[in-house]
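*Asks:* Mind having a look at this structure? Questions to follow.
Just so it is clear, none of the values below were taken in a lab; they were calculated from the coordinates. These figures come from a predicted structure and were not determined experimentally. Don't worry about glycine lacking a Cβ; one is built from the backbone with ideal geometry, like all the others, and counts go over all protein chains shown.
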């Protein structure tokens, strides 16, 4: 078999190849290549060449033109007994490794079931991103990965490590989100820190294979809309956003739908039409009972002198109680997440939204609401409330326009605290009325 005088490799353009075994024309890939101590080895700028002979690494060569003699391959003397000088043949395998070019590889996790802290429920997620690799240790790379192949490209890498890489990435990503209580609402703000954490964990994995992990990015984490559960969750999130923007609650949206159906039945005539008219009238609050259009939250009464739900005296809210009175604990619905919590809380324990109670009924309202969603009391204005009838009174008015009660005499002359009609001394400073 002829001795090869020149060994080199020029990669095909448009194809990402990590390593290539030199195979002469008309030679089998399983056969060793016949070289000599006069053979010229040409290594391009982005490459490193490694020679294997008799199962051992004979030498490594960087960019440049090299003559394969006993001066740069001293192992030839011990393995083949080749002396100095002369054209002495030997067999070897020559591998070219592309070391300088980085490789950008896309990754994706198709399904992650995680308990989301924002919505307090299980949500199916998908994640995707990009990572970059560069061969750092060519010898380790060839020994641990390539094996008997004659060429190793990007597809070989992803096929060989897809299972292990996906499992490890999925596990680390879920642990990071759970330990830091990162929910779907905030995940976009944590993509950078999530990417950095995953890179630090995945770095030893690739270094052990001879690679340098030069970058690792998480680009998207979102609800998996290919599943029935994911579609229902996205639909619920869309409705919740619409309610928040429109300024109405879930109970009110349900009431709208019931009312619409009842009104549509009116056109049917007969008993069904009459029943639809009665139901619609009741839902709209036309029968004097308030109807379901005003959600009944069983909220506490905050106005002084009002009667409580059991007929007893009303109690003050958690932020405006008088001395000697114990606030009545009730459950209110959060205006942000619609979950119930005690009115003694200043913030919702589920979503952290501040408790903004109506001064009349105690219902939690959005911070931007101008009127209470339950009773319609004005929330944001320059008007005060009459201590006698609880009507809105302009700040410049000396008397209540509804009952005629004087406003100035119901304030403490020392500290300005509003005084209910039944007290003789200011509950804040003790000043006599």
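*Asks:* Taking the Cβ-Cβ separation of residue 340 and residue 106 as r and a Förster radius of 51 Å, what is the calculated FRET efficiency to the nearest 0.05?
*Replies:* Efficiency, from the Cβ-Cβ distance: 0.70.
*Asks:* Between residue 403 and residue 431, take the C-beta separation as r, use R0 = 30 Å, and let me know the FRET efficiency to the nearest 0.05.
*Replies:* 0.75
*Asks:* Given the Cα-Cα distance of residue 67 and residue 16 and 0.36 nm per residue of separation, how much length would full extension add, in nm?
*Replies:* Separation in residues times 0.36 nm, less the Cα-Cα distance, equals 15.5 nm.
*Asks:* As an exercise, use a Förster radius of 35 Å and the Cβ-Cβ distance of residue 164 and residue 79 to find the FRET efficiency, rounded to the nearest 0.05.
*Replies:* E between residue 164 and residue 79, to the nearest 0.05, is 0.45.
*Asks:* What is the distance, in nm, between label points placed 7 Å from the Cα along the Cα-to-Cβ direction at residue 25 and at residue 185?
*Replies:* My value for the distance between the label points is 7.0 nm.
*Asks:* Could you list 20, 27, 66 so that the one with the fewest beta carbons within 10 Å of its beta carbon is first and the one with the most is last?
*Replies:* 27, 66, 20
*Asks:* Let me ask something else. For a footprinting-style exposure proxy, rank 216, 52, 96, 61 by other Cβ within 10 Å, fewest first.
*Replies:* 52, 61, 216, 96
*Asks:* Starting from the Cα-Cα distance between residue 196 and residue 238, subtract it from 0.36 nm times their residue separation and give me the gain in nm to one decimal.
*Replies:* Contour length minus Cα-Cα distance gives 12.0 nm.
*Asks:* If each residue's Cβ is checked for other Cβ atoms within 10 Å, how do 113, 353 rank with the fewest at the top?
*Replies:* 113, 353
*Asks:* Would you mind calculating the gained length between residue 60 and residue 172 on full extension (0.36 nm times residue separation, minus the Cα-Cα distance), in nm to one decimal?
*Replies:* Taking 0.36 nm per residue and subtracting the Cα distance, the gain is 36.6 nm.
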